[in-house]
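First up is the structure itself, then whatever we jot down about it.
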Amino acid sequence: MGLFDKKKNNTEKQEKQTEKTNQKSYQPLGACIVTKSLLSGTSRLKWMFRENNGIGTGWVALGDTDTQEYINQVENLTVVDFSLLMEIEPAVRNVFYMPIGADLEFISDGKYFVDTRTGEEIREPVKHPLQIAFERNLKFLNQETYDAVFFQNLFRKTEKLERVAVGQVDLPTGRVVLADPMAYLGNEKYQTVLEKQIPKGSYDVELSIMRSALAGIRVAAARLKITDEIPLRYEIAMPKGFEPTDLQKPGVFSFFGVDTGLACFADVSIAKEYKVFLEEWKQEHPEGNLYQDYFSYLFAENAKSDLAVKVGAGNFLLWKLPQSRKRLVMFASGMGDGIYSAYWGMDQNENITELVIPFMNLEYF
């Protein structure tokens, strides 16, 4: 190998190494505007503001030597991915989720930002708005009671909310079970059988489908319609053997758990039949996954139905047990896994009119 070939090989190796070194450490986050002085390293990060400029994230970053005259010249500005700005100054990670209108000064000595409008020091990552809403929602849920207007608003049609009737659930005993159908339905220890009993029969299930710019398409609430009477008040639905007054006692809870992002309305007799179905299915599919290998196909097919297409959501399923053909309804549980309580709607004569499971406070999303 000649000297020229060796130099060529060394050059190619250096180029590959440089290319590898220059690979981004972060996933793409969206475009932002930076000054070329900041990009080249001739200035250090000093100012950041976020505006509705139609360019990616809306963030603009300026250096400490950038004058007004300098930034007024468009050739001194360039568009890069926000992840590149994070490589220049990792502290910008903390402010990525700040809202439109943010105006910040970077304190390079302490590696933190100051909100120029409020004087607040920003030293920790600002949470994503969805994370903030999620945490607020967790604190809001499972209270002993809410105003009747709250429940009524969950099923009132608005620009972002639609009430969807998904079918009827069969209740041969009138004893309602709430459970995660993939994790706890049929498990007497973990499913929640309610204390109050309703007349035997079949009842409509309605879902409140929310379209949120923040959270996407979600099931905000589920309702079991028992009568057409208007409920005047609501009380928390307690497990069998307990009344609302028992909530003050140690170890007494009202909620049911969700671990697979799904919930359901079912009858206690159907829950027992479901347990048999599940045991038989597991015997036939010892290495199988109930959702992935059985229910995911059914949910996917339901997503093609006229109703699902109309509302833009396939996150619910009216399902019949293979043997008896009795029906239960499964649906996504708002933001997913968690603990949720149901509430009985009572009319003027103190008769039960409905059973509602709120998953989301609409005001937060």
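The values are calculated or read from the model by the stated rules, or taken from the named source; none is laboratory data. Owing to the predicted nature of the structure, the values given are computational and were not obtained by experimental measurement. Every residue, glycine among them, receives a Cβ derived from its backbone with ideal geometry; neighbour counts consider all protein chains shown. Calculation scope for accessible area: heavy atoms of the full protein, side chains included, ligands and nucleic acids excluded. Shrake-Rupley method; radii C 1.70, N 1.55, O 1.52, S 1.80 Å.
Does Ala222 satisfy the condition of being within 20 Å of Ile339 (Cα to Cα) and outside any helix (DSSP H, G or I)? Spelling it out, Ala222 is indeed within 20 Å of Ile339 (Cα to Cα) and outside any helix (DSSP H, G or I).
Could you tell me whether Ser202 is more than 18 Å from Ala342 (Cβ to Cβ), exposed (fewer than 15 other Cβ atoms within 10 Å of the Cβ) and among the small types (Gly, Ala, Ser)? When the stated conditions are applied, Ser202 passes them.
Within the range 271-292, being in contact with a Ser or Thr (Cβ under 8 Å, 6 or more places away or on another chain) and under 16 Å from Lys326 (Cβ atoms) holds for one residue alone: Glu273.
Taking the stated definitions as given, is Arg93 in contact (Cβ under 8 Å) with a residue 12 or more places away in the chain, under 29 Å from the mean Cα position of the chain (by Cα) and open to solvent by 50 Å² or more (accessible area, probe 1.4 Å)? Spelling it out, Arg93 is indeed in contact (Cβ under 8 Å) with a residue 12 or more places away in the chain, under 29 Å from the mean Cα position of the chain (by Cα) and open to solvent by 50 Å² or more (accessible area, probe 1.4 Å). Take the conditions (1) open to solvent by 80 Å² or more (accessible area, probe 1.4 Å); (2) in a loop (DSSP other than H, G, I, E, B); (3) of a type outside the set (A, V, I, L, M); (4) modelled with pLDDT of 95 or more; Phe253 misses just one of them, which is (4). Scanning the range 270-297 for residues that are out of contact with any Gly (no Cβ under 8 Å at 6 or more places or on another chain) and open to solvent by 80 Å² or more (accessible area, probe 1.4 Å) yields Glu279, Glu280, Gln283, Glu284, Pro286, Glu287, Tyr291, Gln292, Asp293, Tyr297. Scanning the range 59-70 for residues that are modelled with pLDDT under 50, among the hydrophobic types (A, V, I, L, M, F, W, C) and either open to solvent by less than 100 Å² (accessible area, probe 1.4 Å) or assigned to a loop (DSSP other than H, G, I, E, B) (or both) turns up nothing. Can you tell me which residue in the range 71-90 is nearest to Lys127 (Cα to Cα), limited to those that are open to solvent by 60 Å² or more (accessible area, probe 1.4 Å) and in a helix (DSSP H, G or I)? Selected residue: Pro90. Of the residues examined, Arg211 is one that is among the basic types (Lys, Arg) and over 14 Å from Lys326 (Cβ atoms). Per the listing Asp267, Asp306, the residue uniquely open to solvent by 90 Å² or more (accessible area, probe 1.4 Å), under 30 Å from the mean Cα position of the chain (by Cα) and on the phi < 0 side of the Ramachandran plot is Asp306. Listed by position, the strands (runs of 3 or more DSSP E) inside the range 112-191 whose residues that are open to solvent by 50 Å² or more (accessible area, probe 1.4 Å) number at least 1 are 161-171.
Of the residues making up the range 207-234, those that are open to solvent by 30 Å² or more (accessible area, probe 1.4 Å) and touching a Leu at 6+ places or on another chain (Cβ under 8 Å) are Arg211, Leu214.
Among the residues of the range 309-325, those identified as in contact (Cβ under 8 Å) with a residue 60 or more places away in the chain, surrounded by fewer than 20 Cβ atoms within 10 Å (Cβ to Cβ) and not in a strand (DSSP E or B) are Val311, Gly312. Scanning the range 306-347 for residues that are at pLDDT below 95 and polar (S, T, N, Q) yields a total of 2.
Identify, from the list Ser43, Ser25, the residue that is of a type in the set (Ser, Thr, Tyr) and either open to solvent by 70 Å² or more (accessible area, probe 1.4 Å) or at pLDDT below 95 (or both). None of the others qualify; the one that does is Ser25. For the range 326-353, a residue qualifies if it is open to solvent by less than 50 Å² (accessible area, probe 1.4 Å) and of a type in the set (A, V, I, L, M, F, W, C), and the qualifying residues are Leu328, Val329, Met330, Phe331, Ala332, Met335, Ala342, Trp344, Met346, Ile352.
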